[in-house]
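Visitor: Got a structure for you, written out below as structure tokens; questions coming shortly.
The values are calculated or read from the model by the stated rules, or taken from the named source; none is laboratory data. For clarity, every value in this text was computed on a predicted model and none was experimentally measured. A quick note on method: Cβ atoms are made from the backbone with ideal geometry, for glycine too, and the neighbour counts reach across all protein chains shown. Just the protein is used for accessible areas: all its heavy atoms, side chains included, with ligands, DNA and RNA removed. Shrake-Rupley method; radii C 1.70, N 1.55, O 1.52, S 1.80 Å.
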Amino acid sequence: MTSTEARAPWAARAVPYLPLGLIAAMGASLAYVVRLPCRTGGWNDQITTYTNFCYTDIYPLYFDRALATQNPYFAHVPFDKQVEYPVVLGEVMQVISWIARALEPDQVAQAVRFYDLTVILLGGCLVAGVLLMAAVAGPTRRWDPLWYAISPAVVLAAYINWDLVAGALSMGMLLAWKRQRQVAAGVLLGLAIATKFYPLMFLGALFLLTWRTARWRPFLVTVGSAAGAWLVVNVPFMIFAWEGWRRFYVFSQERGVDWGSPWLFFQNKGWPVLGEADVSTLGMVSLAAMCVGIAVLTLAAPRRPRLAQICFLALAAFMMTNKVWSPQFVLWLVPFAVLARPNWKPLALWQLAEVWYFVAIWLYLVAQPPLSREDLGIGDDTYFTAVWGRIITIAIMMAFVVRDVLRPEKDVVRQAGVDDQAGGVFDDAPDRFTLQTALR
């Protein structure tokens, strides 16, 4: 067999992915173009940043978190100036700052270089996430990842923060689980949780479907591998940089209600109870109630739900009850929403709501103190139409997913003869426990 013949099967398998990769690269490039007005000097003026819709955390945090001079978690800075992210993101920031420092002697030039290098990484993560998502979706839904590759909401939010790193790890985890490589799935999940906290919700989805199918060994191997990977990357910082390491967890606990959250609306309007009670408690109780509902749905459905459906519902519940709902959080949900229910109408409606929120948040901030440029911005009521637009459109998608779970014949993925495209050991697995059998 010649080397050409040996490579042919791999090349043949790669061909369907090439257009997706190119389109994802185009989406990543468009996201860079969107922020060019800021990259060329606009970041030094908040009004210009907001009115050009090109805000990013990447550039200002290079200075504000001492990345220009010190290492994250070990920096000799006040506690509130420590890097407020889990360790994988902190170390990503560290490595890129080292490179920026080596390339540029001037700190302002370093910050721009830091942004450019970070964008290259994040653009690569978007391309990787799209390709991994295509592999998860399978041949019957190969083009669904276009929603992730080039949707307007993704392009607008791509480079606000480092969320695309966690997105690529999460899609890698899902693909490894699909291929029944539980150790790899667990390691990627552990790294994803050590990057952004939201992938922790996927453990609940795996647990519920494991409960229904009694496939406990793969689940326990995955959980053990995730815990091991998380500990490997976290323990050194817990030992040698405790104050810097715990900054993320203290910040998450003490942070008050913030932009995008429905709790902000209730506080702003002075609603009784919802606008007055402790937001952390309200959020936890609300999330717990929604998770109980997802658990009942999973165990009571006439046919075992697909993994992507439960991941989407769990993640959407987490976002809707959180104290903060930043514009870039759309990057968390898009791939799971598409895998759960690749129907263009509700997806398009939600994307429109996300684009409106992206515009509204910056126009709202420019009208708030200390800028107070009401002539350039919008007021409370207009802003909150964008907040509720996201909530309502995601709730509509959740309702459709619940309908598909209760009436599996309506599920467009299963209409192609697929049971669970990302299910791994759950794919075609028989039920071992349901609420109906438990009540007999």
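Visitor: How far is helix 216-240 tilted off the main Cα axis of the chain, in degrees rounded to 10, range 0 to 90?
Guide: That works out to roughly 20 degrees.
Visitor: Then there's this: Probe radius 1.4 Å, ligands and nucleic acids ignored: give me the carbon and sulfur share of the accessible area of region 319-440 as a rounded percent.
Guide: Details: 2970 of 4950 Å².
Its accessible area is 60 percent carbon and sulfur atoms.
Visitor: Count the lysine pairs in the chain whose Cα atoms lie under 21 Å apart, taking only pairs 8 or more positions apart in sequence or on different chains.
Guide: On the way: LYS81/LYS196; LYS81/LYS323; LYS196/LYS323; LYS269/LYS323; LYS345/LYS410.
Close lysine pairs found across the chain: 5.
Visitor: For region 20-156, what % of the accessible area comes from carbon and sulfur atoms, probe 1.4 Å?
Guide: Answer for region 20-156: carbon and sulfur cover 66 percent of the accessible area.
Visitor: Right, something else. By per-residue mean of other Cβ atoms within 10 Å, what is the highest-first order of 254-261, 333-340, 116-123?
Guide: Per-residue Cβ counts within 10 Å, averaged per peptide and sorted highest first, yield 333-340, 116-123, 254-261.
Visitor: I'd like the orientation of helix 380-406 relative to the chain: the angle between its Cα long axis and the longest Cα principal axis, in ° from 0 to 90, rounded to 10.
Guide: 10
Visitor: Could you please state, rounded to a whole Å, how far the C-alpha centre of region 116-147 is from the C-alpha centre of region 261-308?
Guide: Centre-to-centre distance over Cα atoms comes out at 30 Å.
Visitor: With axes computed from alpha carbons, what is the tilt in degrees of helix 201-213 against the longest principal axis of the chain, rounded to the nearest 10 within 0 to 90?
Guide: Once rounded, one gets 10 degrees.
Visitor: Charges only on Cβ, +1 for Lys and Arg, -1 for Asp and Glu: so what's the dipole of region 263-411 about the Cα centre, in debye to the nearest 20? Walk me through the intermediate numbers first.
Guide: Working: 12 positive and 10 negative charges, 151 e Å.
For this selection, approximately 720 debye.
Visitor: Specify whether the C-alpha gyration tensor of region 211-252 places it in the rounded, prolate or oblate class, a ≥ b ≥ c being the square roots of the eigenvalues: rounded for a/c under 1.5, otherwise prolate if a/b is larger than b/c and oblate if not. Display every interim value, and only then the final one.
Guide: On the way: a/c = 7.04, a/b = 2.39, b/c = 2.95.
Verdict is oblate for region 211-252.
Visitor: How long is the gain from ILE239 to THR140 if the chain were fully straight, where each residue apart is worth 0.36 nm and the alpha carbon distance is subtracted?
Guide: Values: separation 99, 0.36 × 99 = 35.64 nm, distance 4.81 nm.
Fully extending the segment from ILE239 to THR140 adds 30.8 nm.
Visitor: Hey, got the dipole for the chain? About the Cα centre, +1 on K and R Cβ, -1 on D and E Cβ, debye to the nearest 20? The partial results should precede the final answer.
Guide: Working: 35 positive and 30 negative charges, 325 e Å.
In total the dipole reaches around 1560 debye.
Visitor: Let me ask something else about it. Which of the cysteines found in the chain have nothing to pair with, since no other Cys Cβ lies under 4.7 Å from theirs?
Guide: Taking the Cβ cut-off of 4.7 Å, the unpaired cysteines of the chain are CYS125, CYS291, CYS311.
Visitor: Roll a 1.4 angstrom probe over the protein heavy atoms and tell me the percent of accessible area of region 178-298 that is carbon or sulfur.
Guide: Working: 4150 of 5940 Å².
Its accessible area is 70 percent carbon and sulfur atoms.
Visitor: Then there's this: Farthest toward the dipole's positive end in the chain, which of VAL136, SER97, PRO272, given Cβ charges of +1 (Lys, Arg) and -1 (Asp, Glu) about the Cα centre?
Guide: Most positive-ward Cα: VAL136.
Visitor: Among GLY123, GLY379, LEU363, which residue has its Cα furthest toward the positive end of the charge dipole of the chain, with +1 on Lys/Arg Cβ and -1 on Asp/Glu Cβ?
Guide: Towards the positive end, the residue furthest out is GLY123.
Visitor: Turning to a different aspect of this structure: Pairs of alpha-carbon atoms within less than 8 angstrom and 6+ residues apart define the contacts here; what relative contact order does region 129-262 have, in percent? Each step should come with its number before you reach the end.
Guide: Working: 120 pairs, mean separation 26.8, N = 134.
Here the relative contact order equals 20 percent.
Visitor: Any idea what the dipole of region 379-440 comes to, in debye rounded to 20, about its Cα centre with Lys/Arg Cβ at +1 and Asp/Glu Cβ at -1? Provide the component values of the computation, followed by the final result.
Guide: Working: 7 positive and 10 negative charges, 45 e Å.
Approximately 220 debye in magnitude.
Visitor: While we're on this one: So, in Å, what gap is there between the alpha-carbon centers of region 47-92 and region 345-409?
Guide: Centre-to-centre (Cα) distance: 27 Å.
Visitor: Next question. Ignoring ligands, DNA and RNA, what accessible area per residue does the chain give at 1.4 Å, in Å²? Could you put the intermediate results ahead of the total?
Guide: Values: 18360 Å² over 440 residues.
Per residue, the chain has 42 Å² of solvent-accessible surface.
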